[in-house]
Amino acid sequence: MCSHYEAPTPSRLKLSFGVELHEPFQSDLWPGHTGAFIRRPADAEQGQVEALPGIFGLLPFWAKDRKLSRHTYNARSETVAEKPSFRDAWKRGRHCIIPASAIYEPDWRSGKAVPVRISRADGDVMGIAGLWESWQDATGQIVHSYTMLTLNADAHPLMRNFHRPDDEKRMVVILPKGLYPDWLNASPANSRQFIRQFPAEHLRIG
């Protein structure tokens, strides 16, 4: 499960995804922080996308405050359609892409948690599959938020090395670049075909 990641600079965001975000967002991200996510706007023309700032940790419409984001930053793909925090976004096909220069996972093989930086082997920005939501706070302000989809990684050559020894191994859903438009435009019925492991040889440590 990914609770810490590094966002690309605005210039790299534009280079990789063709979008600009003029509002501030954080680069070193933990649950509850404000990062950038990419979605297809409502009634958008074919291929049109936009970048928005949002809270890392999904806030469904019924959330009482932003504290829930500390528990909803990852959504298990196996149960996302049933979990109260995520099922509405999944049902509505609110797909997004979370741009990340790198993710960080804890390596416990030494007996202590050692943060490890993981990035794409080609140096490009990762596009992580996620879901987004709109939430209205007590003042009436509309707040966007997002979560990263995850899947089992017990047999993944690289990602099986992280997290506590007795815990299930998980990894975020990293999309191949050629599938970005398809993921953003996919219907809820076709969402699960994108839940795949990213090849270990296309990732690197550091």
Original post:
With (1) closer than 18 Å to R12 by Cβ; (2) in contact with a strand residue (DSSP E or B) (Cβ under 7 Å, 6 or more places away or on another chain) as the list, and R66 as the residue in question, which single condition is left unmet?
Top reply: (1)
**OP:** With respect to S3, determine if the residue is open to solvent by 40 Å² or more (accessible area, probe 1.4 Å) and either of a type in the set (V, I, T) or touching a strand residue (DSSP E or B) at 6+ places or on another chain (Cβ under 8 Å) (or both).
**Re:** no
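Restricting to segment 164-181, and then to whatever is over 16 Å from the mean Cα position of the chain (by Cα) and free of Cβ contacts under 8 Å to residues at least 24 places away in the same chain, can you tell me which residue is surrounded by the most Cβ atoms within 10 Å (Cβ to Cβ)? Steps first, answer last, please.
As a first pass, look at segment 164-181 and keep what is over 16 Å from the mean Cα position of the chain (by Cα): 164-169, 178.
Next, only the ones that are free of Cβ contacts under 8 Å to residues at least 24 places away in the same chain stay: 166-169, 178.
Values: D166: 6, D167: 10, E168: 11, K169: 17, G178: 7.
Top of the filtered list is K169.
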Original post:
List, please: which pairs have Cβ atoms under 8 Å, are six or more places apart or on different chains, and start with a residue in segment 192-206 that is under 30 Å from K91 (Cβ atoms) and end with one that is hydroxyl-bearing (S, T, Y)?
Top reply: R192/S77; I195/S77
Original post:
When residues of segment 6-58 are filtered for being farther than 13 Å from I97 by Cβ and among the aromatic types (F, W, Y), how many remain?
Top reply: 3
Subject >> Residue among R196, R192 that is farther than 17 Å from E105 by Cβ and part of a helix (DSSP H, G or I) >> reply: R192
**OP:** Considering (1) among the acidic types (D, E); (2) part of a loop (DSSP other than H, G, I, E, B); (3) surrounded by 12 or more Cβ atoms within 10 Å (Cβ to Cβ), say which one E133 fails and leave the rest.
**Re:** (2)
Original post:
What pairs can you find where one residue is in segment 87-109 and without any contact (Cβ under 8 Å) to a residue 12 or more places away in the chain, the other is open to solvent by 10 Å² or more (accessible area, probe 1.4 Å) and among the aromatic types (F, W, Y), and their Cβ atoms are less than 9 Å apart, with a gap of 6+ or different chains?
Top reply: none
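Of the residues L13, L52, only one is among the hydrophobic types (A, V, I, L, M, F, W, C), touching a strand residue (DSSP E or B) at 6+ places or on another chain (Cβ under 9 Å) and assigned to a helix (DSSP H, G or I); which?
Details: L52 fails: assigned to a helix (DSSP H, G or I).
Answer to the check: L13.
Let's see how each residue does on (1) closer than 23 Å to A42 by Cβ; (2) surrounded by 13 or more Cβ atoms within 10 Å (Cβ to Cβ):
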| residue | (1), (2) |
| --- | --- |
| F56 | yes, yes |
| W62 | yes, no |
| R66 | no, yes |
| H71 | no, no |
| S77 | no, yes |
| K83 | no, yes |
| A89 | yes, yes |
| R92 | yes, no |
Original post:
Within segment 1-43, how many residues turn out to be farther than 18 Å from D124 by Cβ, without any contact (Cβ under 8 Å) to a residue 24 or more places away in the chain and of a type outside the set (D, E)?
Top reply: 6
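The values are calculated or read from the model by the stated rules, or taken from the named source; none is laboratory data. Source: prediction; values computed, not measured. We place every Cβ from the backbone using ideal geometry, glycine too, and count neighbours over all the protein chains shown. Just so you know, the surface numbers come from the protein's heavy atoms only, side chains and all, with ligands and any DNA or RNA stripped out. Shrake-Rupley method; radii C 1.70, N 1.55, O 1.52, S 1.80 Å.
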